[in-house]
Amino acid sequence: MARVAGSETLTARMRMRWHRVRVGVRRAGVDYFRGDGSDWIALAALALTIPAIVAGTIAVPDWCPPAALVLPVVLGGLLLRPASLLLLYSGSAVGLIIEAAILGPYSEGTSRVTPGTILLVGAVGFVGLIIAQFRSRVGVPWRRGGTMLFDLRERIRVQSKLPKLPSGWHREMALRPAGGQSFSGDFVVAARTNGGRTLEVVLTDVSGKGMDAASRALLLSGAFGGLLGSLPPHQFLRAANGYLLRQDWQEGFATSIHLVLDLDSGDYELLSAGHLPALQRSAGTGTWEEKAAEGPLLGVYDGAQFDPIKGTLRPGDVLMLFTDGLVEAADRDLTEGMDRLTGAADRYITSGFQGAAWHLIEAVARDVNDDRALLLLCRA
C-alpha cells in the first residue's frame, strides 16, 4: 500500500510540474506576442537555426548557400530587442567563420563564403539593428504595431459614425483620405442631445493631410467627442479653440463647422470656425443656397467669437457639409468646385440621396491628393 501511495504521489507531482511548465510557457508566449514579455524564446529558436543552416551549408552547399544565414538575421530584426539581436549576430558571425574554414577559400570554387556573402549578411544585420532600435525607442513591438494602427483606424471610424435618426430623416457620410491611405485629417463627431431631440454634428478639417494630420485628428476627435453634448452648443467651438491652443502645435490650426439641428421642427443653427459654407437645397425652389457662418480658425488666437446663422430644413430639403478637398483645386476656383458638387448632387434627388455621399466624392474629387469628407442630411 505504501508503495502504491508513493507511486501515486510521484505521479501527482510529475503532473503538477508538467502543468506548471505548460502554464509558464503559454504565459510567456502570450506576453511575448503582446509585447510585454522577454524575447528569450525567439532568441533561443533563432539561435538554434544557425547551427542547422551551417550544417546544411557544409553538407549541401548548392542547396543551402552560405548566404542562407541572412534568414535568422532578418527574423531577428523583426522579433528581437537590440541587446538580444547583437547576441544573434555574434552567433551568425561565428557560423560564417566556421563555414569559411571548412569550405575553404572562395577562390577555389563556387558555394564558398565570399566577400559578397559577408557584405550581404552584414548589411541586412545593420538594417535590422536600426529597425530594432527604432521599435525599442517607440516602445511598440512589430507584433503589436500593425494591430495598434488598425485599432486606431477603427476608433476614428466608430467616432465618425452618425447616430440613428428618427423616421423622416436620412443621413449619409463619406470620408476619403489623401493618397488612398487609411488615416485622414478630416473627421466627424456627432451626438443626439436634449433627450434625443437635437442632432449635433461637427465636421473638422485638421491642417495637413493624410498621415501627417492623422495623429492630430485622432487626438482632436477624442477631445471633441467628449466636449460635444457636454457643453451648450454655443460654447463648443470656444472650448475646442481653447483646447487646440493649449496643445501648442507648430501647425496646429483646424477648420470646423458645427450643426445643431432640431429633429422635430427642422430648425438648425450653424457655427463655423473658418470652415467652408454649407449648402442647402430647397425642395420648393430646386436651388442650392450657401449657408456661411462667421468665425476664425481654431487654434489661432484666444477669445475668438463664433456667430451662428439659422435656417430650417423643410420636407424635401437637403443640407451638405464638406471639407475643402472636395471643392478646391489648383486648376479651378472655389465657386466652380461648389457648382460641380451641386450639379452632381442633383442627380440623386429622385433616389433620396441613398448612397450618394461616396458617389459624389468619386464624381467630383476622385483623384484629388487631399483628404475629403462629405455629410448629407435629408428630410423626407
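The values are calculated or read from the model by the stated rules, or taken from the named source; none is laboratory data. From a predicted model like this one, the values you see are computed outputs, not experimental measurements. So basically every Cβ, Gly included, is an ideal-geometry build from the backbone, and we count neighbours across all protein chains shown. Heavy atoms of the whole protein, side chains included, go into the accessibility calculation; ligands, DNA and RNA do not. Shrake-Rupley method; radii C 1.70, N 1.55, O 1.52, S 1.80 Å.
Within region 310-329, the residues that satisfy the criterion of being of a type outside the set (S, T, N, Q), in contact (Cβ under 8 Å) with a residue 60 or more places away in the chain and open to solvent by less than 10 Å² (accessible area, probe 1.4 Å) are Leu313, Asp317, Val318, Leu319, Leu321, Phe322, Gly325. Only one of the listed residues (Gly295, Gly316) is modelled with pLDDT of 90 or more, of a type outside the set (Ser, Thr, Tyr), farther than 19 Å from Val201 by Cα and in contact with a Ser or Thr (Cβ under 9 Å, 6 or more places away or on another chain). That residue is Gly316. Within region 78-126, the set of residues being open to solvent by less than 40 Å² (accessible area, probe 1.4 Å) and not in a helix (DSSP H, G or I) comprises Leu80, Gly104, Gly109, Ser111, Val113. Being of a type in the set (A, V, I, L, M, F, W, C), open to solvent by 80 Å² or more (accessible area, probe 1.4 Å) and in contact with an Asp or Glu (Cβ under 9 Å, 6 or more places away or on another chain) is a condition met by no residue of region 367-375. Once region 63-78 is narrowed to residues that are without any contact (Cβ under 8 Å) to a residue 40 or more places away in the chain and under 11 Å from Gly95 (Cβ atoms), the residue that is nearest to the chain's Cα centre (by Cα) is Pro72. Might you check whether a residue that is among the small types (Gly, Ala, Ser) and touching a helix residue (DSSP H, G or I) at 6+ places or on another chain (Cβ under 9 Å) occurs anywhere in region 310-317? For region 310-317, residues among the small types (Gly, Ala, Ser) and touching a helix residue (DSSP H, G or I) at 6+ places or on another chain (Cβ under 9 Å): absent. Regarding Leu199, is this residue in contact (Cβ under 8 Å) with a residue 12 or more places away in the chain and touching a Lys or Arg at 6+ places or on another chain (Cβ under 6 Å)? Yes; evaluated as a whole, the condition is true for this residue.
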